[in-house]
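J.: I have a structure here, written as structure tokens, and I will follow up with some questions on it.
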Amino acid sequence: MVDRTVSGRRDGEERGWLRGSPPPPWVRVLPPALLVGVCSAEFASPRPLDIGFLLGAIPSLAVLSYGPFATGVFGFIVVLLLHVPPLELNRPGDTDLLTIIFVAVLSVFVSLVRSRRDAHLVTVRTVAEAAQLAVLPPLPKRVGPVRCAGLYRAAERETLVGGDFFDVRDGPYGVRALMGDVQGHGLSAVGTVVSLLGAFREAVLDQHDLEAVAGRLDRRLILDSEGTEHAELFATALLLEFSRGADAVRLVSCGHPYPLLLRGSEVVEIDLEPGAPLGLGFFDACPPKGRTVRLDLGDRLFLASDGVSESRDTSGAFYPLADRLSKFAEESPTALIDGVWDDLVRCCTIRDDVTMLVLTPVQDGDRG
């Protein structure tokens, strides 16, 4: 299973250390390396070198990766070395001792402020991640007779949840899955995502008809918009319901991109008659019409948000999802999602939330 459903960035995609990540090891090595380098050069040189000024940079470099105590130790060592006669590092005109002392003291203060700020950010991020994981928990490896794999990447940096949403739930009427896309993305859309997921999880338990589940989601959005002038709150959604034997799936689309059926190396777009997007008040006038599709042994369903299909390359062309997907159709779900993601980021600029799901029904003849 590809468990990337709770990450604001793809596995292996790290923030740069100038963007908040811990500094790389070579940054921590710089202060002691510079200290040793200056002293070694002075000892090795037959005549005094005018490089004592380099010691002044050591406390400032220590601020990047060391705490206030270690930064203070580096500053003390630097001042101490300036008073070692054989090194001749504090000759008049070469190094201003008072300036280096001031820089060392200031560096300790800056390091103290940075350390406290980092501790605060860790606390804030931990709370934020816990809240976002409660909204969109990790995708299970299997729900009833359906194996699941997926990738979720929020468009907004440092967030785990954006405008896309999905869920796979088992209930009295079979396994039901949902993928949707709320207007907008980022933290502003999270409240709507929470509301829709809550409505879906309740509807899975008490709505016999899949179209009625879509109606419950539509009503939830309309109620959330009441009292807000020009709310313009809407969402697209794709709902699926697998039969108990996993040999058929019923699909209902509310303005969402069509799912793709992977049958061996063949990629087939499942045409649906979509209803209006949720929340616009057109559900009764333009209700979605479900379609039931028979599934063969080994069939898989690939679902993607419009962040995939509407990504553009440098020429402005849309990403040809169905054509590119055929290259990976016979791969395992993990390799399939990896392949599509790597291909997408290689040829397109991604500006929206990206969600991909591979749902594999496990029929009686395929229980391995």
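The values are calculated or read from the model by the stated rules, or taken from the named source; none is laboratory data. Everything numeric here is computed off the predicted structure, so don't read it as measured data. For neighbour counting, all protein chains shown are included, and Cβ atoms are generated from backbone atoms with ideal geometry for every residue, glycine included.
J.: Could we say that Val362 is more than 22 Å from the chain's Cα centre (by Cα) and among the hydrophobic types (A, V, I, L, M, F, W, C) here?
T.: yes
J.: Restricting attention to segment 175-191, does a residue exist that is touching a Gly at 6+ places or on another chain (Cβ under 8 Å), farther than 16 Å from Leu303 by Cβ and modelled with pLDDT of 90 or more?
T.: Checked against the condition, which is being touching a Gly at 6+ places or on another chain (Cβ under 8 Å), farther than 16 Å from Leu303 by Cβ and modelled with pLDDT of 90 or more, segment 175-191 yields no hits at all.
J.: Let me ask another. So, in segment 114-139, exactly how many residues are part of a helix (DSSP H, G or I) and under 17 Å from Ser195 (Cβ atoms)?
T.: So the count comes out to 4.
J.: Cys254 is checked against (1) under 27 Å from Leu297 (Cα atoms); (2) in a strand (DSSP E or B); (3) within 27 Å of the chain's Cα centre (by Cα) and fails just one. What number does that condition carry?
T.: Only one criterion is unmet by Cys254, namely (1).
J.: Have a look at Leu295, Leu262, Leu301, Leu251 and point out the one that is touching a residue at least 60 places away in the same chain (Cβ under 8 Å), closer than 23 Å to Asp353 by Cα and among the aliphatic types (A, V, I, L, M).
T.: So the residue among Leu295, Leu262, Leu301, Leu251 that is touching a residue at least 60 places away in the same chain (Cβ under 8 Å), closer than 23 Å to Asp353 by Cα and among the aliphatic types (A, V, I, L, M) is Leu301.
J.: Next question, about the same structure. If Ala304 passes every condition in (1) touching a Phe, Trp or Tyr at 6+ places or on another chain (Cβ under 9 Å); (2) at pLDDT 90 or above; (3) surrounded by 20 or more Cβ atoms within 10 Å (Cβ to Cβ) but one, which one does it miss?
T.: It is condition (1) that Ala304 fails.
J.: Scan Asp299, Asp306, Asp323 and give me the residue that is under 26 Å from Leu233 (Cα atoms) and of a type in the set (Asp, Glu).
T.: Exactly one residue qualifies, and that residue is Asp306.
J.: For residues in segment 326-346 being among the hydrophobic types (A, V, I, L, M, F, W, C) and over 23 Å from Gly163 (Cβ atoms), which is surrounded by the fewest Cβ atoms within 10 Å (Cβ to Cβ)?
T.: The extreme case among them is Ala335.
J.: From (1) in contact with a Leu (Cβ under 8 Å, 6 or more places away or on another chain); (2) without any contact (Cβ under 8 Å) to a residue 24 or more places away in the chain; (3) of a type in the set (Asp, Glu), pick out the condition that doesn't hold for Asp284.
T.: (1)
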